[in-house]
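Report on the following structure.
The values are calculated or read from the model by the stated rules, or taken from the named source; none is laboratory data. Not measured: the values here are computed from a predicted model. Because the Cβ atoms are built from the backbone with ideal geometry, glycine has one as well, and the counts that use them run over all protein chains shown.
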Amino acid sequence: MSEATDEGGAAVGKGRSDDDYFSSYEDVQIHRLMVGDTPRTQAYADAINKNKHLFEGKVAMDVGAGTGILSLFMAAAGAKKVYAVEASGTAALIERVARDNGFSHVIQVFHDRVENITLPGGDEEKVDVLVSEWMGFYLLHESMLNSVICARERFLADDGIMFPSEANIFACPCSLQTMYREQINFWDNVYGFNMSAVSDYALKSKLTKPEVHDVKESDLLAQPTCIKKFNLRWVTEEEIQLFSTTTFVGINRPGAYQGICLWFECSFDGRQYNEEGEELGTVVTLSTSPSSPPTHWKQTVVVFGYASENTSHQHPTTPHDKNVNTKLPTGTDKIHEEKVNICQKETTATVSNCTESCKLKTSRDENRVETSGAENDTIPVKISSPKSQKMSNNTTHNNNDNNMTNNSDNTTRTNANNTTRTNANNMNLVEKDEVVGWKLTLNQSSDNIRHYTMTVEMLDPDIEEHPIPCYCPIPRCLIITNMMEKEMEDGDIIDCT
């Protein structure tokens, strides 16, 4: 059985339980990379230090405390008590770290899942602030949001504060020329040999999963759109189980439309007013966008598979209705330094029938580390093209939902009729002010709430109904958006339906 590898050759192991998930975080290298992620850690430090009025003399909770750095920030900011909750074995380290820094009387460690703990004051005891670094890839994959919501409902006071306070998912059409040059075109000429068969194989593998990748700001083809907002003080577990967003945008940078780039931003709103009416505190933002300093989360890209520039051979295009099993990095793979690749099981260099085992792995540090993941950790991604999509020359799509099967051994059979191939000259090129659209659906796995099924459906902007408001340059959308903005300014009520 072939195993998935990252670019460093690290292999993905087999399934693991929740206990394995938590114990995987006992690897100190993970924490070194997380704490060493300057934009991440500095955002939390700034949010706490610039909003000390929220912590001075207050009781706080750190959910998923790791090695205790956030607990130390809160204790140093004047918290009366900090409950550090950590399910992995690093909980013992937090106690020593607290003692070594003179905060053993402030930081109290719970070595358990937050769902299982009881505070010293029993069910009646509440905390004033709940802090957690719970975010995963594109915010939700491999996240701890369900646990954070549980902690909020059980322990946060009615007037308590959540840090972060809001989390937003962004999306933008993108070009992937850099990825193609580095990972696909590399195989066109290897020491004078034609290895385009490997290039086909490499590209085909990227069509089966979201790709964790550093995307350049110059590769974004439109203005980024916030597709989902979560008010973390009030969001429920039901709200994050299943949701869909429809988006249309106008292209502002012509280029090859080869994927949709996803990332997230979190804000820490510490603003309050004192008795004299003076505003205290500030808002701090942690962004994982391509225009921000890079983080270990990078960005997540849904690859469409259109060929890149200067590619002499053919590549598979996006299937019309291709449902394939994919898996983003799990557990210890959350922190990584290499772009993610997958390896397929029993596949060919062409796009004919194949059986794929799509397991992912990322390299956390300079060493190759094998990571295990549960068999049901595989994350399906379905990419559909519209019935009447404006594609480049001679790019075709077939519709056959029955050509895909999702077997218990995490394999997918893809019918050759569902996949076509295109030359580099037939890239899906988009021009300035052209409108593109898609519908993205995220469905939380019932077997593993840290994982989601992602479905991306490409939409024809001339046929599909646009959301209201819609910020694309189609005249009707411009008019409605302008009317709604005027309504907000004037306080009038205008029916834009």
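Points worth noting:
- Count of the range 434-458 residues which are in contact with a Pro (Cβ under 8 Å, 6 or more places away or on another chain), surrounded by 20 or more Cβ atoms within 10 Å (Cβ to Cβ) and at pLDDT below 95: 2
- Residues (crowded, with 16+ Cβ neighbours inside 10 Å and either within 21 Å of Lys432 (Cα to Cα) or assigned by TED's automatic domain parsing to the domain that holds Val303 (or both)) located in the range 468-485: Cys470, Tyr471, Cys472, Pro473, Ile474, Cys477, Thr481
- When the residues of the range 228-281 are filtered to those that are in contact with a Ser or Thr (Cβ under 7 Å, 6 or more places away or on another chain) and polar (S, T, N, Q), the one that is surrounded by the most Cβ atoms within 10 Å (Cβ to Cβ) is Gln258.
- Filtered by the rule that a residue be small (Gly, Ala, Ser), in contact (Cβ under 8 Å) with a residue 24 or more places away in the chain and within 20 Å of Lys58 (Cα to Cα), the range 108-155 gives Ser132, Ala151.
- If you go through the range 269-300 and keep only what is modelled with pLDDT of 95 or more and in a strand (DSSP E or B), you end up with Asp269, Val283, Val284, Thr285, Leu286, Ser287, Gln299, Thr300.
A quick yes/no check of all residues on (1) buried (at least 18 other Cβ atoms within 10 Å of the Cβ); (2) in a strand (DSSP E or B); (3) hydrophobic (A, V, I, L, M, F, W, C):
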| residue | (1), (2), (3) |
| --- | --- |
| Gln29 | no, no, no |
| Arg32 | no, no, no |
| Gln42 | no, no, no |
| Ile48 | yes, no, yes |
| Leu70 | yes, no, yes |
| Phe73 | yes, no, yes |
| Val82 | yes, yes, yes |
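- Matching residues in the range 231-258 - criterion: being aliphatic (A, V, I, L, M) and in a helix (DSSP H, G or I): Ile240
- Candidates Asp123, Asp200 - the one that is among the acidic types (Asp, Glu), part of a helix (DSSP H, G or I), over 26 Å from the mean Cα position of the chain (by Cα) and not assigned by TED's automatic domain parsing to the domain that holds Val436: Asp123
- Residue tally, condition assigned to a helix (DSSP H, G or I) and of a type in the set (Ser, Thr, Tyr), over the range 152-197: 3
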